[in-house]
Amino acid sequence: MEYMEAIEVSHLIKKFGPLTALNDITFSVGEGETFGFLGPNGAGKTTTIRILTGISSPTSGTATIFGHDIERDTIAARQSMGIVSENSNVYDDLTAWQNMIFSAQLYHVGRKEREKKTNELLTIFGLHERRNDKVHGFSKGMKRRLTLAMGLVNSPRLLFLDEPTSGLDVQSNLIIRDVVTDLVGKGVTVFLTTHNIEEANVMCDRVAIINKGNIAAIDAPERLKKTIQSVQSIEFSFNHNSADQLDELRRLPLVNDAQKAGDKFKLYTQEPSEVIDAVMAYARTHNLKVISITTLGPSLEDVFIRLTGLKRAGGAVHAID
Amino acid sequence: MPSIDLEGGAKRLSRELSAAWAIARKDMRIYYFKPNIIVSGILFPLFMFLAFATGKNAPPGTLIPGLIAITLLFSASSIEPVSIPIERRVKTFERLLSAPISLHSLVFGESLSGFLYSLVIACLPLALGVVMFSTAIQNAPVLVTAMILTSFCFATLGTLFAAYPTENVGEVMSMLNTVRLPLIFISGVFIPISSMPLIGQKIALFSPLTYGNDMIEFAYTGKSLFSPLLDIVVLMIFILIFQIAANRLYKKFNE
């Protein structure tokens, strides 16, 4: 069987009046690949997804889904997709069962198959017992699970997942991650957009980082991390931790930046061994005990921050505008 | 092979119609009993009618054709201007826009729910005429055709106005009412077109309600301004124009 890319995007440009939302982007996603699409707000993620799902048209350039041009052969291209949008866009006034059946009808799933698939998916997502309840009584996590179930009702070869686990309870989070892992195991291509960079790091074969309408980088997470080896860090915890220590630690020699997260401090440096010595000396001077200390390579978040021009401030990430 | 193409075309058409029907059924389940639809689709035409009928010396039974016409206008065009902005707000409209169906089927499916709602509601004045005032229907097939075409025409008009990219129901309703309200005065519902000034008569030609009302009048009285055949052709042209315009606007506003 001939190999076909799941998604091929070529020289895509999208302009809204004078604003260029996408500036000549090109990338491809292989069949069976889990592909992360990361970027700060307003970077062009949503515009790209709207073009790839045929809702919006590009100003120029092309996009194909399993060889079907999304502009000229929209319906065939969409038939192979499942779309799980960031908002849990389910019908509150319908039951879970009616939502599923409606979604199946939109995707032309036959009567027997849609009932079988609906039963199967509602069971997998832990909603079968509530199938005849109207959705307006569901929790956020249950709505999210139903949204994902609706996106899978046509057994898609390509799944667009927009912020799948954002703000969810642990149970929903685990169910969704398990289902996605299972889908990937079955060869489904996943196009994931998320603000949770660690999620992308764990789940994705490759990630693209988009910024201001341009693809800033595209590669496997580990290879991307290697490009910024200069951003290393040490993470440690004292027996007594306080926010006041952060400023002093930030002023230690060779420390580029410092963060406090929970009971741990994280110091960014190009020379981890020398900073470890400085931290030990600081602990001795202040009568502190070091409970744990670890050296860390650059994270995908570090790569993201470096490539998008964001900066850390007080442990949070802020955009530079 | 042409036969294969024909088969493929029939299958595609069947899929599109089935998806359009699913959209219509979804709207029926969710929106038919929403308070603003009941007010706009049932109470509004009823009170408008009572306001104008009161004081007229005509026997009540003779006012039934006009009541049917404005009920069709208001009820058919009331579903989508409510449902679509709400669905934009809760993002379920994106689900429809990204489904593997054509925009034509989406517009058709949306209009279908307004059409069916309106047909049911218009049966109320029809029954009122028969039961309360013994209003005779002289040509039932013409009445049925008139109700179907008028209802579908205004349901498509409602879908067309709902293309305006807002999440606010009031905004669409305000725009729609600037068209719906004048229509009832220029279309021969309350004032016969023949008694209107020349300019009014000319403007009446551009109102789809003129032709729907004309057919309904013909069905009840056997008298009409135009022939029912002409009314049918003009209403079909209006439906086509509204459908194409809606299709273009949904495409344009979703960019």
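Numerical summary
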read-out: Whole-Å semi-axes of the ellipsoid equivalent to chain B (Cα gyration tensor, √5λ, descending); value: 32, 21, 17
read-out: Per-residue mean of C-beta atoms belonging to partner chains within 10 Å, peptide B:26-39; value: 2
read-out: Calculated log₁₀ intensity ratio I(q)/I(0) where the Debye formula runs over C-alpha points of the protein assembly as shown, q = 0.05, 0.06, 0.07, 0.11 Å⁻¹; value: -0.31, -0.43, -0.56, -1.04
read-out: Test item: Cα-centred dipole of the protein assembly as shown, Lys/Arg +1 and Asp/Glu -1 on Cβ, debye; value: 1060
read-out: Of the trypsin sites (Lys or Arg not before Pro) in the stretch A:16-81, those whose Cβ has at most 13 other Cβ within 10 Å and which sit in DSSP loop; value: A:ARG72
read-out: With every protein chain in place, the protein assembly as shown: carbon and sulfur % of accessible area (1.4 Å); value: 59
read-out: Separation of alpha-carbon centers, the stretch A:163-185 and the stretch A:225-266, rounded to whole Å; value: 31
read-out: DSSP bridge pairs, chain A: antiparallel proportion in percent, nearest 5; value: 70
read-out: Whole-percent pair-distance distribution, where bins are 10 Å wide, for the alpha carbons of the stretch B:46-124; value: 16, 36, 24, 15, 8, 1
read-out: Span-like helix ranges in chain B, DSSP H, alpha carbon extent 15 angstrom or more, Kyte mean at least -1.0; value: B:2-31, B:64-76, B:103-132, B:140-161, B:169-186, B:208-221, B:228-253
read-out: Number of Lys pairs (Cα under 26 Å; 8 or more positions apart or on different chains) in chain B; value: 12
read-out: Helical contribution to [θ] at 222 nm, DSSP H n ≥ 4, -39,500 (n - 2.57), averaged over the protein assembly as shown, rounded to 500; value: -16500 deg cm²/dmol
read-out: Estimated dipole of chain A in Debye, rounded to 20 [Cβ of Lys and Arg +1, of Asp and Glu -1, Cα centre]; value: 540
read-out: Count, lysine Cα pairs under 23 Å in the stretch A:187-321, 8 or more residues apart or across chains; value: 14
read-out: Cα pair distances of the stretch A:7-221 binned at 10 Å [whole percent]; value: 8, 34, 35, 19, 3, 0
read-out: Radius of gyration and Dmax over the Cα atoms of the stretch B:6-83, both given in Å; value: 18.3, 60
read-out: Distant-in-sequence amide H partners of A:ALA216 (H built 1.01 Å from N, under 5 Å); value: A:ILE209, A:ILE210, A:ASN211
read-out: Distance between the stretch B:54-94 and the stretch A:108-128 - C-alpha centres, whole angstrom; value: 37
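The values are calculated or read from the model by the stated rules, or taken from the named source; none is laboratory data. What you are looking at is a predicted structure, and each value in this text was computed from that prediction instead of being measured. Neighbour counts run over all protein chains shown; Cβ positions are idealised from the backbone, glycine included. Quick note on the areas: whole protein, heavy atoms, side chains included, nothing else; ligands and nucleic acids left out. Shrake-Rupley method; radii C 1.70, N 1.55, O 1.52, S 1.80 Å.
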